[in-house]
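Scroll down for the structure; my scribbles are underneath it.
The values are calculated or read from the model by the stated rules, or taken from the named source; none is laboratory data. These figures come from a predicted structure and were not determined experimentally. FYI the Cβ positions are ideal-geometry reconstructions off the backbone, even for glycines, and counts take in every protein chain you see. Heads up: the accessible areas ignore ligands, DNA and RNA and are worked out on the full protein's heavy atoms, side chains in. Shrake-Rupley method; radii C 1.70, N 1.55, O 1.52, S 1.80 Å.
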Amino acid sequence: MKTYPFNALVSRMKYIRRWSLMHAARPETLSEHTAETAILAHTLCLIAQQVTGTPVRPETVAVAALYHDAPEILTGDMPTPVKYKNERIHTAYKALETESAVAMLGLLPPALRQPMAGYVTGRTLTEAESRLLKAADRLSALIKCIEEVQAGNREFAAALEQQKGALAAMHCPEADYFLERMLPCYSQNLDELTQTGD
C-alpha cells in the first residue's frame with residue numbers, strides 16, 4: 001500500500017529553529033511561530049470583519065497561516081538580513097520556496113493535492129487576506145522580539161525596531177488596532193492578564 005509522508009514532514013516544523021543567526025533567551029521553533037501566526041491571523045480577520053468592515057474569511061486565513069512557512073521544512077529558515085540582502089537573492093529564495101511547496105504537495109495523496117495547494121502556496125487568499133496574514137506574520141516576529149528584549153536580550157533590539165517599522169509601513173488598520181489595544185498586554189504578568197473586567 002502506498003503511503004504519503006506530507007503530514008509527517010509538516011510535523012518536523014518543531015525541529016526548525018527560527019532566528020538562527022541570533023542568540024535567543026528562549027529558542028523559537030517554526031511550529032511555535034506558525035501556531036502563533038495562525039492565532040494572530042484569525043484575530044486580525046475578526047477585527048477586519050467586526051471593526052474595519054473588510055470582508056475576509058478568518059478560518060481560511062488561519063489555516064493558510066498554519067502552512068505559510070511550510071516550505072522552510074525543506075529550505076530551512078533563511079535569516080532576514082540574508083533573504084532581503086538584494087533582489088537577486090530574494091528572487092532566488094522565493095523560487096526555492098515555490099519548488100519546496102511543489103515537492104511537498106507531491107507527498108500528498110493525489111486527491112488532496114489541489115485542495116491543499118491553495119493553503120501551502122497562499123493562493124487561496126484574497127489580496128486583503130494575504131495582507132492580514134503578512135501582518136500576523138510580522139506581529140508574531142514583533143512579539144518574539146519584545147519577549148527577548150524584556151528578558152534582557154539586547155540581541156533583538158534592532159530586530160524589534162525593524163519589525164515596528166515594517167508593521168507601520170504596511171498601513172494595516174487591523175494591525176494598528178491590535179498594536180494599540182492588544183499588544184500592550186504582552187508585557188503583563190499572569191495575574192494582570194487574568195483579572196476580570198472590561
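Could you look through the range 43-73, keep only residues that are without any contact (Cβ under 8 Å) to a residue 40 or more places away in the chain and surrounded by fewer than 18 Cβ atoms within 10 Å (Cβ to Cβ), and pick out the one that is nearest to ILE143 (Cα to Cα)?
LEU46
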Scan of the range 23-38 for residues that are touching a residue at least 40 places away in the same chain (Cβ under 8 Å), assigned to a helix (DSSP H, G or I) and either over 18 Å from GLU129 (Cα atoms) or open to solvent by 40 Å² or more (accessible area, probe 1.4 Å) (or both), ordered by number: LEU30, HIS33, GLU36
The lone exception for ILE146 - which of (1) under 18 Å from the mean Cα position of the chain (by Cα); (2) free of Cβ contacts under 8 Å to residues at least 12 places away in the same chain it fails: (2)
Residue list for the range 4-15, restricted to those being surrounded by 18 or more Cβ atoms within 10 Å (Cβ to Cβ) and in contact with a helix residue (DSSP H, G or I) (Cβ under 6 Å, 6 or more places away or on another chain): MET13
Selected residue (only one of ARG88, ARG123, ARG131, ARG113 is crowded, with 19+ Cβ neighbours inside 10 Å and either at pLDDT below 95 or not small (Gly, Ala, Ser) (or both)): ARG131
Hits in the range 96-140 - residues which are outside any helix (DSSP H, G or I), under 16 Å from VAL56 (Cβ atoms) and touching a residue at least 60 places away in the same chain (Cβ under 8 Å): THR124, LEU125, THR126
Residue ranges of helices (runs of 4 or more DSSP H) in the range 146-198 with at least 1 members exposed (fewer than 15 other Cβ atoms within 10 Å of the Cβ) and among the β-branched types (Val, Ile, Thr): none
